[in-house]
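The values are calculated or read from the model by the stated rules, or taken from the named source; none is laboratory data. In this text the structure is predicted, and so the values were computed from the model without any measurement. Cβ atoms come from the backbone with ideal geometry, glycine included; neighbour counts cover every protein chain shown. These area figures cover heavy atoms from the full protein model, side chains too; ligands, DNA and RNA do not enter into them. Shrake-Rupley method; radii C 1.70, N 1.55, O 1.52, S 1.80 Å.
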Amino acid sequence: MQAYLDAGLAVAMINFRGSTGYGAAWRDALIGDIGGPELEDLNAGLDWLVQRGIADPRRAVVGGWSWGGYLTLMELGKHPDLWLCGVAGIPVADYELSYDDMSPELQAYDRALLGGRPDEVPTLMLDRNPINFADDVRVPVLFIIGENDSRCPYRQAMAYVDKLAARGHPHEVYVFGTGHGSFDTDEDVRQVRTILEFLATHVPGVQVPTS
């Protein structure tokens, strides 16, 4: 986070429903309702920052990793007017395709979270699968994707990228060779620099530190 602060950004890390720290009911709010409560909480957080003069609504950026990458793509597709650009790190981008490529253990987790396989909850998937809203994205997107990611598999992330590419929408893709995280400090530094350079291109006032 310090790297983003040094570049001139204000950073908010929203503890949205579904995360830990506020009890079981808070954590379990997503069961059968993924991609709903979290967006409400993220948007409320942005509004709170804007109302207090901390955030400029004309320069707001959404970004996250893993489930945060999923929420980034959901925000960009369902609330495109709120954001100037987005950074989707190792995201769930096509939930149904992701399920097909997951390990049996992760598939079991998804069934518990969704209330069944993705094909058994079509109404939920129709409204909560990011790729269904890819054509509504209006701002540039940077993707950070792990080539051997078993949690948010490469194929489903690239399926979303391909939808943007098919209509010539501005986007960038950074692929690294490991899985759900790099486990390498030098690689982490390269990824942060890639993100900062992307933000400096699209967000007025952001500068990439020279050292």
Using the heavy atoms of the protein chains alone and a 1.4 angstrom probe, what is the accessible area of the range 35-187 per residue in square angstrom?
-> 45 Å²
Using alpha carbons only, what's the Rg to Rh ratio of the range 9-80 with Rh from Kirkwood?
-> 0.97
Over the range 123-211, what percent of the accessible surface lies on carbon and sulfur atoms, probe 1.4 Å?
-> 50 percent
Assuming R0 = 41 Å, what is the FRET efficiency of residue 1 and residue 123, from their Cβ-Cβ distance, to the nearest 0.05?
-> 0.65
Fully extended, how many nm does the chain gain between residue 147 and residue 175 (0.36 nm per residue separation, minus their Cα-Cα distance)?
-> 9.5 nm
Over the range 140-198, equivalent-ellipsoid semi-axes from the Cα gyration tensor in Å = 21, 16, 6
In nm, the gap between the two label points placed 7 Å beyond Cα toward Cβ at residue 96 and residue 48 is 3.6 nm
Would you kindly compute the Cα radius of gyration of the chain and its largest Cα-Cα separation (Dmax), both in Å?
-> 16.7, 51
Sequence ranges 198-208, 80-90, 20-30, ranked by mean other-Cβ count within 10 angstrom, highest first | 80-90, 198-208, 20-30
Rounded to the nearest 0.05, what FRET efficiency is calculated for residue 185 and residue 207 with R0 set to 25 Å and r the Cβ-Cβ distance?
-> 0.60
